[in-house]
Amino acid sequence: KKEKANKKKKDGAKSEEEAENEKSEEEKEEEEEEKEVDESSYAIIGHSNESVEKAKSAIAKLLASLLQESDLPILNKITEAEEKKLADLAKNGKCEALISPDKKSIMLKGYADNVKIAERDFWKFFASFQAQECVMPTFWAPQEDVLVLVDIPAGTTEHSGVQLRFHETMDAKANPITRLQRVQNTRLWRKYAFEIETLRTKLGRDPNQLDLFHGTSKNNPKEIFGGLENGFDMRYC
């Protein structure tokens, strides 16, 4: 009985060990499958070394034409942890990220589609800094919600300024202003402030800005300005 028990115990231990080995092998296979390989290999077969070399040169030029570089300004001081986060974002986007020695810009290198995706992720990351530091316009009314409408009384400087600009291109008698409201969207303002600062850094000066009017046709204006994320909804123009 003792011998059978010992044998059973050994067999059980052996089965557990085999299961553990099989499990680790499966895990290794899964890890290998999860690894994405950016590089591709190809074989060139030709009638001569010269034709093969020409084909290699043509393929190299084609691959080089697909590569793109994008230089993004870094508007805020970043820590080592944030540098690592940027590197991870680039890696996830299958791009190479090179931060300048002064840490004021970052160069993205990779295939055009990958760089475009990485740029989007980087801007979101940078915008998180701007959102923390952005200050709302001092003339805005206090608000708790992301989006509020504030009536602008006739006779005020703000009302007169909008009215003057509006009637530069629209007949005042045929198109009188019956009501004027300010759209206070804190989320949209943060995005606007971030883009202005980005352009200021790139240009080395204040960017040009224009006041434009957005038509509503017969749609309810709320359908246009009510988008918390993107602001004006161009589908309802």
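The values are calculated or read from the model by the stated rules, or taken from the named source; none is laboratory data. Bear in mind the structure is a predicted one, so any value in this text is a computation, not a measurement. Note that each Cβ is placed from the backbone with ideal geometry, even for glycine, and that neighbours are counted across all protein chains shown. The accessibility values were calculated without ligands, DNA or RNA, using every heavy atom of the protein model including side chains. Shrake-Rupley method; radii C 1.70, N 1.55, O 1.52, S 1.80 Å.
Side notes on the structure shown:
- Yes/no for Ser100 being surrounded by fewer than 12 Cβ atoms within 10 Å (Cβ to Cβ), at pLDDT 70 or above and either over 19 Å from the mean Cα position of the chain (by Cα) or of a type in the set (Ser, Thr, Tyr) (or both): no
- Residue in the stretch 84-93 that is of a type outside the set (S, T, N, Q), modelled with pLDDT of 75 or more, in a loop (DSSP other than H, G, I, E, B) and within 30 Å of Leu199 (Cβ to Cβ) present: yes
- The requirement of being surrounded by 15 or more Cβ atoms within 10 Å (Cβ to Cβ) and either more than 30 Å from Lys104 (Cα to Cα) or modelled with pLDDT of 80 or more (or both) is not satisfied by Leu212.
- Of all residues in the stretch 118-162, those being modelled with pLDDT under 90 and of a type in the set (Val, Ile, Thr) number 3.
- Among the residues of the stretch 192-205, those that are farther than 25 Å from Pro142 by Cα, surrounded by 12 or more Cβ atoms within 10 Å (Cβ to Cβ) and not charged (D, E, K, R) comprise Thr198, Leu199, Thr201.
- Beta carbons closer than 8 Å, at least 6 apart along the sequence or on distinct chains, pair a first residue in the stretch 77-98 that is in contact (Cβ under 8 Å) with a residue 40 or more places away in the chain and within 13 Å of Gly110 (Cα to Cα) with a second that is surrounded by fewer than 13 Cβ atoms within 10 Å (Cβ to Cβ) and of a type outside the set (Ser, Thr, Tyr) for Lys94/Glu36; Lys94/Asp38.
- For the stretch 54-69, a residue qualifies if it is touching a Gly at 6+ places or on another chain (Cβ under 9 Å) and open to solvent by less than 100 Å² (accessible area, probe 1.4 Å), and the qualifying residues are Ala55, Leu67, Gln68.
- For the stretch 163-186, the set of residues classified as within 36 Å of the chain's Cα centre (by Cα) and either at pLDDT 90 or above or hydrophobic (A, V, I, L, M, F, W, C) (or both) consists of Arg165, Phe166, Leu180, Gln181, Arg182, Val183, Gln184, listed by residue number.
- In the stretch 192-227, the residues that are within 23 Å of Leu149 (Cβ to Cβ), in contact with a Cys (Cβ under 8 Å, 6 or more places away or on another chain) and not hydroxyl-bearing (Ser, Thr, Tyr): Ala193, His214, Gly215, Ile224
- Filtering the stretch 167-191 to residues that are out of contact with any Cys (no Cβ under 6 Å at 6 or more places or on another chain) and surrounded by 14 or more Cβ atoms within 10 Å (Cβ to Cβ) leaves His167, Ile177, Leu180, Arg182, Val183, Gln184, Asn185, Thr186, Arg187, Leu188, Trp189, Lys191.
- Of residues in the stretch 172-197 being part of a loop (DSSP other than H, G, I, E, B) and basic (Lys, Arg), the one farthest from His159 (Cα to Cα): Lys173
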